[in-house]
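The values are calculated or read from the model by the stated rules, or taken from the named source; none is laboratory data. This is a predicted model, so every value here is computed, not measured. Glycine also receives a Cβ, built like all others from the backbone with ideal geometry; neighbour counts cover every protein chain displayed. What goes into the accessible areas is simple: the full protein's heavy atoms, side chains included, and nothing from ligands, DNA or RNA. Shrake-Rupley method; radii C 1.70, N 1.55, O 1.52, S 1.80 Å.
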Amino acid sequence: HSDIDMRELYRGNKVHNMKAETSVPVHEIIATRRSPRSFNETATINNEDLTAILEAARWAASAFNGQPWRFFVGKRGDEVFTQILSSLGDFNKSWAKNASSLILVAGKTTKGDGSIHADYQFDCGLAVAQLVIETHHRGLIAHQMTGFDKAVAQEVLSITPELLPVVVIAIGTQDAPEKLAGPLLEREMAKRERLPLSELVIKGLPN
């Protein structure tokens, strides 16, 4: 499929059409983005899409251009995917096994001069946000997880000590919500909600 075809397919999904109720219009991807768990277990991700998703993360902002993010990228069926999957909790493992790709993001905890990088997780978060937006722009879906064993990930992926695992992202093609059951299905179909700006903006909310 072309990017346009995939975006139309993405927009046509009834779950993704549950747009966020925003106080003012925002970009369509932000308004429709969700974190689904129903992945098509036969769909694959091509190298162009996967590279673009990583490229979007690469160009995120970071303090003093420190770029502390590091990526471990697996495609379903390869060794890295299997290693990342083995670190997930059972709940996440039950659905993430169907993703086309699993990406573990680790953060470099020291700066170039050897001092402690206290804000590496913030910078990694910026990179992951751009990664997710590019994923959904390409008609794919992304689900971010902190429900994994960091010690297991460190061991199976041979992650060096100066890097600490931060998050795992499952990427792939969305499938029908009805493929899930129980709590998984309930979460898949739940209304997307956020606290109102009036509770989030402590001072300076525009009138």
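General observations
- Every residue from the stretch 97-121 that is under 26 Å from ASP49 (Cβ atoms), of a type in the set (A, V, I, L, M, F, W, C) and assigned to a loop (DSSP other than H, G, I, E, B): ALA99
- The one condition in (1) closer than 16 Å to SER35 by Cβ; (2) open to solvent by less than 40 Å² (accessible area, probe 1.4 Å); (3) β-branched (Val, Ile, Thr) that THR146 fails to fulfil: (2)
- Under the condition of being under 17 Å from GLU41 (Cα atoms) and open to solvent by less than 10 Å² (accessible area, probe 1.4 Å), the residues counted in the stretch 85-96 number 2.
- Residue check for GLU199: touching a residue at least 60 places away in the same chain (Cβ under 8 Å) and outside any strand (DSSP E or B): no
- Qualifying residue in the stretch 127-147 (condition: more than 17 Å from the chain's Cα centre (by Cα) and in contact (Cβ under 8 Å) with a residue 12 or more places away in the chain): no
- Enumeration of residues in the stretch 155-170 that are open to solvent by less than 30 Å² (accessible area, probe 1.4 Å) and either outside any strand (DSSP E or B) or within 12 Å of VAL105 (Cβ to Cβ) (or both): LEU157, ILE159, LEU163, PRO165, VAL166, VAL167, VAL168, ILE169
- Residue pairs meeting the criteria (Cβ under 6 Å; at least 6 apart or on separate chains; first of a type in the set (Val, Ile, Thr), in the stretch 39-51; second crowded, with 19+ Cβ neighbours inside 10 Å and in a loop (DSSP other than H, G, I, E, B)): THR44/SER100; ILE45/SER100
- When the stretch 23-38 is filtered for residues that are touching a residue at least 60 places away in the same chain (Cβ under 8 Å), open to solvent by 60 Å² or more (accessible area, probe 1.4 Å) and hydrophobic (A, V, I, L, M, F, W, C), only ILE30 remains.
- Scan the stretch 97-113 for residues that are open to solvent by less than 50 Å² (accessible area, probe 1.4 Å) and either more than 12 Å from the chain's Cα centre (by Cα) or without any contact (Cβ under 8 Å) to a residue 40 or more places away in the chain (or both) and the total you get is 6.
- So GLY139, is it open to solvent by less than 30 Å² (accessible area, probe 1.4 Å), within 24 Å of ALA190 (Cβ to Cβ) and touching a Phe, Trp or Tyr at 6+ places or on another chain (Cβ under 7 Å): yes
- If you go through the stretch 198-207 and keep only what is at pLDDT 90 or above and open to solvent by 90 Å² or more (accessible area, probe 1.4 Å), you end up with GLU199, LEU200, ILE202, LYS203, PRO206.
- Selected residue (criterion: surrounded by the most Cβ atoms within 10 Å (Cβ to Cβ)) from residues of the stretch 39-75 that are of a type in the set (Asp, Glu) and assigned to a helix (DSSP H, G or I): ASP49
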